[in-house]
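Engineer: After the structure tokens below, expect a handful of questions from me.
Derivation of every value follows stated rules applied to the coordinates shown; laboratory data play no part. From a predicted model like this one, the values you see are computed outputs, not experimental measurements. Note: ideal-geometry Cβ built from the backbone for every residue, glycine included; neighbour counts use all protein chains shown.
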Amino acid sequence: MENYNFQKIVVTVGAFLLITKFVAYFITNSVAIFTDAVESIVNVVAGVIGLYALYLSAKPADKSHPFGHGRIELISATVEGAMISVAGVMIIMEAVKDLMDPKEISSLDLGLLLIIFAAAVNYIIGTIAVKKGTKNRSVALEASGRHLRTDTLSSVGIIIGLTLVYAGDLLGYDLYILDPLMALLFGAFIIITGARVIKKALDGIMDKADLEILDKTVACLNEHRSDDWIDIHNLRVIKYGSKLHIEMHVTLPFDMTIAEMERENRLLHESMGTIFGDSVDLIMMPEPCKEFSCIHCKRKCSARRAEFIEIINWNVNLLAQEHQHAYGNHVVIRGPGER
């Protein structure tokens with residue numbers, strides 16, 4: 001609910017700044033300020049979509065959605081990225097039109113003050129949104145925050161350019177050509193930003209591995225490692241909104257009882273909780289050890305076939321492999337009937 005409530009603030013502030021920027025545009029007739037105002041329309045519409053996405057993603061898993069509703073955030077981010085890119089195209093079209101048929105700019109002093117105020121508010125809200133989105137692993141909130149900060153960067157460029165135009169006018173120089181040229185530049189920048197948002201969302205939809213989360217997962221496993229966790233392989237981490245689904249195959253001593261396996265399962269959950277809190281859904285697939293596991297196992301066992309030599313040094317690449325490992329010679333050893 002924290003993400004959802006903050007997104008309400010993002011939408012409310014966005015609507016207020018939208019009005020502010022259009023007031024600045026009608027006062028000045030500047031196509032560069034029009035660029036900023038159009039992007040604010042996208043901010044508000046995308047913010048509303050993101051708000052609905054966060055509302056759905058916060059709903060618990062049900063019969064129809066056993067993994068929860070978190071994927072709606074990725075769809076929301078994709079739509080937002082597309083809208084950002086469309087806004088960039090609209091801005092470029094308006095800039096080209098203004099180059100062909102220039103308009104007179106007026107009251108730049110008041111217009112600049114309004115844009116400076118809007119840029120400052122955008123940056124503050126956007127930075128907070130990115131931090132909260134990153135902390136809570138919310139793609140939708142993070143996308144909204146990055147969009148607001150991109151809007152701020154555009155505003156800063158526009159402010160610098162229009163300040164030059166204003167200063168030139170005071171000194172008797174005609175620099176009004178900078179107005180549509182700035183709009184062209186930032187229109188292209190906005191299109192690139194939208195494409196990046198779309199790419200990140202599509203990576204999530206395609207379940208692209210998040211190396212940062214994988215690194216944290218492996219570091220956590222190494223830190224809380226139990227002597228009975230002989231090996232781990234087939235590690236998978238999938239994000240559904242702010243929820244993480246972690247699956248791994250764990251090699252355990254073959255003579256373990258179901259109760260003992262359940263204890264190790266609980267230990268794994270508790271270990272992951274130290275890093276990711278209660279947002280983890282972990283599935284442990286227990287597998288019995290094999291003869292070649294003895295050299296990596298410290299456990300006292302009557303069925304031991306070889307003396308302990310060394311534990312397997314876990315890393316992301318090793319744990320992502322599909323079969324149990326023989327780390328000493330870096331060869332994956334497969335059991336009978338395995339391919």
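Engineer: Can you give the charge dipole size of region 198-255 about its Cα centre, rounded to the nearest 20 debye, using +1 on the beta carbon of Lys and Arg and -1 on the beta carbon of Asp and Glu?
Structural biologist: Computed about the Cα centre, the dipole is about 500 debye.
Engineer: Take every DSSP beta bridge with both residues inside region 211-332 and express the antiparallel ones as a percent of the total, to the nearest 5.
Structural biologist: In region 211-332, DSSP labels about 55 percent of beta bridges as antiparallel.
Engineer: Another question, then. Under 14 Å from the Cβ of Gly168, count the other residues' Cβ atoms, weight Lys and Arg +1, Asp and Glu -1, and hand me the total.
Structural biologist: -4
Engineer: Sequence gap of 8 or more, or different chains, plus Cα separation below 26 Å: how many lysine pairs satisfy both in region 2-205?
Structural biologist: 21
Engineer: A follow-up question, please. Can you tell which of Thr134, Leu184, Gly194 lies farthest toward the positive end of the dipole of region 2-205, using +1 and -1 charges on the Cβ of basic and acidic side chains (Lys, Arg; Asp, Glu)?
Structural biologist: Going by the Cα projections, it comes out as Thr134.
Engineer: With a Förster radius of 41 Å, plug the Cβ-Cβ distance of Met100 and Leu170 into 1/(1 + (r/R0)^6) and report the FRET value to the nearest 0.05.
Structural biologist: Efficiency, rounded to the nearest 0.05: 0.90.
Engineer: Each label point is 7 Å from the Cα along the Cα-to-Cβ direction; what then is the distance between the points at Lys63 and Val156, in nm?
Structural biologist: About 5.3 nm, to one decimal.
Engineer: Past the 27 angstrom mark, what percentage of all C-alpha to C-alpha distances in region 132-289 do you count?
Structural biologist: 49 percent
Engineer: Only helices at least 15 Å long along their own axis, judged from Cα atoms, and with Kyte-Doolittle mean hydropathy of 1.0 or greater: name those in the chain from DSSP H.
Structural biologist: 31-57, 72-100, 108-135, 178-205
Engineer: For the chain, what is the mean residue ellipticity at 222 nm derived from helices alone (per DSSP H run of n ≥ 4: -39500 (n - 2.57); sum divided by total residues; nearest 500 deg cm²/dmol)?
Structural biologist: Only helices count here, giving -21500 deg cm²/dmol.
Engineer: So, one more: Please list, short to long, the whole-number percent of alpha-carbon pairs of region 211-332 in consecutive 10 angstrom bins beginning at zero.
Structural biologist: Pairs per bin, as whole percents: 13, 47, 32, 8, 1.
Engineer: A further question follows. Fewest first, what order do Val237, Val86 take by the number of other Cβ atoms within 10 Å?
Structural biologist: Ordered by Cβ neighbours within 10 Å, fewest first: Val86, Val237.
Engineer: Right, something else. So in the chain, what percent of DSSP beta bridges are antiparallel if you round to the nearest 5?
Structural biologist: 55 percent
Engineer: Also, I was wondering about something else. Debye sum, Cα scatterers, region 11-129, no solvent: what log₁₀ I/I(0) at q = 0.10, 0.20, 0.21 1/Å?
Structural biologist: Log10 of I(q)/I(0), two decimals: -0.40, -1.09, -1.15.
Engineer: Here are a few candidate values for volume of the Cα convex hull per residue in Å³: (1) 166; (2) 122; (3) 137. Which one was actually calculated from the structure I just gave you?
Structural biologist: (1)
Engineer: Taking +1 at the Cβ of each Lys and Arg and -1 at the Cβ of each Asp and Glu, which of Leu113, Thr12, Phe34 sits farthest along the dipole of the chain towards its positive end, judged by Cα position relative to the Cα centre?
Structural biologist: The listed residue farthest towards the positive side: Thr12.
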